[in-house]
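Asks: Got a structure for you, written out below as structure tokens; questions coming shortly.
The values are calculated or read from the model by the stated rules, or taken from the named source; none is laboratory data. Since we're looking at a predicted model, the values are computed, not measured. Cβ sites come from the backbone with ideal geometry, for glycine too, and all protein chains shown count toward neighbours.
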Amino acid sequence: MNLPSISSRLQAVEEVRALQRDWVKRTRQSVAAGGPFAICNGDEAEELFIAMDIPVLAINYWNYLILAQRKQARMNAILQAEGYPGAHFFGFALAASLSPEDAPWGGLPTPTIICGSSRNEMETRVCELWAAKLGCANFTMDFSFPSPPFRPLPREWWQHLEHNWEAMVDPARLDYRIAQERQLVARVEAITGRRLTVTRLAQVMALINEQMSIWTRAQQAIAAAPVCPVHIRDQISIYQAMWHRGSPLGVDLITRYEEEIRQRVDEGIGAYENERFRLYYSVQTPPWHDEIETRYGAVTVCCSYTDIPGLYRRRFDPADPLRALAARHMLLFDWGPYRIIDVARRHRCDAAIVVEPAMANGVSLQQQIVEAAGIPYLAIPRPAGDAEICDRIGAFIEQRLLNGRERHAV
């Protein structure tokens with residue numbers, strides 16, 4: 001099959017990347033004019049700030065941008081000079097605030113408030129130190145989505161999140177979380193003079209559901225296409241639209257993304273010139289991808305993040321949207337073998353490559369379950385693209401996939 005020529009990136013992806021750079025610039029200008037600005041832990045409180053028309057940036061997004069620009073060594077050096085030894089991913093944004101000239105896109109303005117969480121002691125302490133350094137308010141949230149569930153989740157937990165979330169969260173924890181979010185809102189209102197209304201929050205929740213439904217349809221089109229129409233880098237890069245969720249802009253960005261994908265599918269455009277084997281990857285953009293594609297025609301068509309948008313949708317009561325939002329902050333996603341199986345099967349993957357610590361007996365329970373489902377599974381020790389990792393992946397492909405099974409040859 002001769003594929004049409006492909007552009008290096010989707011236009012929708014270029015648009016969202018340019019928009020983010022401009023958004024940071026405009027936010028600096030609005031803060032210089034006296035406007036508010038919030039920084040928060042990812043999936044912690046963004047929607048509350050959006051509903052109050054307060055620009056908000058997620059810490060993990062900024063940290064990954066620092067990684068993408070290969071500034072982590074400089075950020076670690078800044079932290080060490082401040083007396084914080086070691087290498088700390090979560091501290092990158094703090095370092096960037098201490099040295100704005102080294103930060104992406106000219107750096108961030110001083111926030112009005114930093115909203116962290118008690119996910120772990122290091123993250124809590126970084127947010128405390130960060131707020132103290134910048135002289136802004138700090139607020140810590142409890143019972144975030146990484147908190148252990150109060151009881152085991154259903155095997156196909158992702159099928160229950162939208163409509164049956166009430167049965168999947170502990171009512172006592174939920175009441176506590178709602179009270180905390182109300183306290184946060186009251187504090188932000190006191191500091192900024194902005195007000196949060198039930199009507200406005202319900203509008204944000206409805207737009208989130210719309211945006212994520214469009215995003216889900218886009219991913220379904222990618223999964224069902226005869227050849228993968230979108231490079232894994234673009235699938236991850238469009239994730240920047242997530243930081244505008246619940247806004248008309250967020251809906252528009254994803255609508256254009258879906259339209260461009262469907263056009264590619266209709267025209268038979270593939271993102272890869274040599275798609276022979278399809279891979280699921282457990283992290284984000286695989287650093288080994290280009291070499292493995294060149295050597296074996298093995299391409300990454302999905303990863304743990306590409307199917308996350310569909311998990312954000314929630315049925316909610318327009319008279320009390322905060323209850324559903326707080327529950328979603330408590331329970332967004334989990335990982336595990338059955339989710340890997342579901343995503344890999346829908347994308348017709350030939351194998352799964354998963355970053356996980358070495359097991360004493362050599363094979364994790366997760367690997368056993370995924371393999372039992374008929375999906376070859378490779379565990380690698382770190383998300384790197386060095387020679388050792390590439391050789392491991394190459395040996396795996398040669399032993400498990402290069403056995404005459406080339407159903408995706410193009």
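Asks: Can you find a residue in segment 219-237 that is within 22 Å of A45 (Cα to Cα), touching a Phe, Trp or Tyr at 6+ places or on another chain (Cβ under 8 Å) and at pLDDT 95 or above?
Replies: no
Asks: Test of understanding: among Y296, Y281, which residue is modelled with pLDDT of 95 or more, over 24 Å from the mean Cα position of the chain (by Cα) and either over 20 Å from T216 (Cα atoms) or not basic (K, R) (or both)? Quick ask: steps written out before the conclusion?
Replies: On the way: Y281 fails: over 24 Å from the mean Cα position of the chain (by Cα).
Only one candidate passes the filter, namely Y296.
Asks: Another question, then. Scan segment 295-305 and tell me whether some residue there is within 22 Å of A241 (Cα to Cα) and part of a helix (DSSP H, G or I). Walk me through it before giving the result.
Replies: First, the residues of segment 295-305 that are within 22 Å of A241 (Cα to Cα): 300-305.
From the residues that got through so far, the ones that are part of a helix (DSSP H, G or I) too are none.
No: segment 295-305 contains no residue that is within 22 Å of A241 (Cα to Cα) and part of a helix (DSSP H, G or I).
Asks: Among the residues of segment 356-385, write down those that are in a loop (DSSP other than H, G, I, E, B), free of Cβ contacts under 8 Å to residues at least 24 places away in the same chain and of a type outside the set (A, V, I, L, M).
Replies: Of all residues in segment 356-385, those in a loop (DSSP other than H, G, I, E, B) come to 356-364, 373-376, 381-385.
Now narrow it down to the ones that are free of Cβ contacts under 8 Å to residues at least 24 places away in the same chain: 358-364, 374.
N361, G362, S364, G374 - these are the residues of segment 356-385 that are in a loop (DSSP other than H, G, I, E, B), free of Cβ contacts under 8 Å to residues at least 24 places away in the same chain and of a type outside the set (A, V, I, L, M).
Asks: Against the definition (part of a helix (DSSP H, G or I), hydroxyl-bearing (S, T, Y) and either touching a residue at least 60 places away in the same chain (Cβ under 8 Å) or closer than 30 Å to I39 by Cβ (or both)), how does T216 come out, yes or no?
Replies: Details: part of a helix (DSSP H, G or I): yes; hydroxyl-bearing (S, T, Y): yes; either touching a residue at least 60 places away in the same chain (Cβ under 8 Å) or closer than 30 Å to I39 by Cβ (or both): yes.
Spelling it out, T216 is indeed part of a helix (DSSP H, G or I), hydroxyl-bearing (S, T, Y) and either touching a residue at least 60 places away in the same chain (Cβ under 8 Å) or closer than 30 Å to I39 by Cβ (or both).
Asks: Another one. Is it fair to say V230 is within 20 Å of E14 (Cα to Cα) and either among the basic types (K, R) or surrounded by 22 or more Cβ atoms within 10 Å (Cβ to Cβ) (or both)?
Replies: Values: within 20 Å of E14 (Cα to Cα): yes; either among the basic types (K, R) or surrounded by 22 or more Cβ atoms within 10 Å (Cβ to Cβ) (or both): yes.
So V230 fits the description; yes.
Asks: Where residues in segment 149-188 are acidic (D, E) and assigned to a loop (DSSP other than H, G, I, E, B), which of them is surrounded by the fewest Cβ atoms within 10 Å (Cβ to Cβ)? Working first, answer last.
Replies: If we filter segment 149-188 for residues that are acidic (D, E), which is where we start, we get 156, 162, 166, 170, 175, 181.
Filter once more, keeping what is assigned to a loop (DSSP other than H, G, I, E, B): 156, 162, 170.
Values: E156: 10, E162: 18, D170: 17.
Out of the qualifying residues, it is E156.
Asks: Just to check your reading of the model, which residue among V299, V355 is touching a Lys or Arg at 6+ places or on another chain (Cβ under 7 Å) and surrounded by fewer than 20 Cβ atoms within 10 Å (Cβ to Cβ)? Spell out the reasoning first.
Replies: On the way: V299 fails: surrounded by fewer than 20 Cβ atoms within 10 Å (Cβ to Cβ).
The conditions single out V355.
Asks: Could you tell me whether any residue of segment 23-32 is in a loop (DSSP other than H, G, I, E, B) and either buried (at least 18 other Cβ atoms within 10 Å of the Cβ) or out of contact with any helix residue (DSSP H, G or I) (no Cβ under 8 Å at 6 or more places or on another chain) (or both)?
Replies: Taking segment 23-32 first, the residues in a loop (DSSP other than H, G, I, E, B) are none.
Within segment 23-32, none of the residues are in a loop (DSSP other than H, G, I, E, B) and either buried (at least 18 other Cβ atoms within 10 Å of the Cβ) or out of contact with any helix residue (DSSP H, G or I) (no Cβ under 8 Å at 6 or more places or on another chain) (or both).
Asks: If we only count helices (runs of 4 or more DSSP H) wholly inside segment 70-147, which ones have 1 or more residues that are out of contact with any Asp or Glu (no Cβ under 6 Å at 6 or more places or on another chain), of a type in the set (A, V, I, L, M, F, W, C) and over 30 Å from A33 (Cα atoms)? Walk me through how you get there before you give the answer.
Replies: Values: elements: 72-81, 92-98, 121-134.
Per the criteria, 72-81, 121-134.
Asks: Picking from I292, I353, which residue would you name as being within 22 Å of R392 (Cβ to Cβ) and outside any helix (DSSP H, G or I)? Talk me through it step by step, then tell me what you get.
Replies: Details: I292 fails: outside any helix (DSSP H, G or I).
Matching residue, one of I292, I353: I353.
Asks: Any residue at all in segment 268-284 that is farther than 22 Å from I39 by Cβ, in contact (Cβ under 8 Å) with a residue 24 or more places away in the chain, of a type in the set (D, E) and not in a strand (DSSP E or B)? Break it down stepwise before answering.
Replies: Within segment 268-284, the subset farther than 22 Å from I39 by Cβ is 268-283.
Retained after the next criterion (residues that are in contact (Cβ under 8 Å) with a residue 24 or more places away in the chain): 268-283.
Subsequent filtering for residues that are of a type in the set (D, E) retains 273, 275.
From what is left, the residues that are not in a strand (DSSP E or B) are 273, 275.
Yes: one or more hits.
Asks: Follow-up. Looking at segment 33-60 only, could you name the residues that are modelled with pLDDT under 95 and either assigned to a helix (DSSP H, G or I) or acidic (D, E) (or both)?
Replies: D43, E44, I59, N60
Asks: Please go through segment 100-151 and pick out each residue that is of a type in the set (V, I, T) and in contact with a Pro (Cβ under 7 Å, 6 or more places away or on another chain). Give the steps one after another, and end with the answer.
Replies: In the first step, residues of segment 100-151 are kept if they are of a type in the set (V, I, T); the result is 110, 112-114, 124, 126, 140.
Answer for segment 100-151, where residues must be of a type in the set (V, I, T) and in contact with a Pro (Cβ under 7 Å, 6 or more places away or on another chain): just T112.
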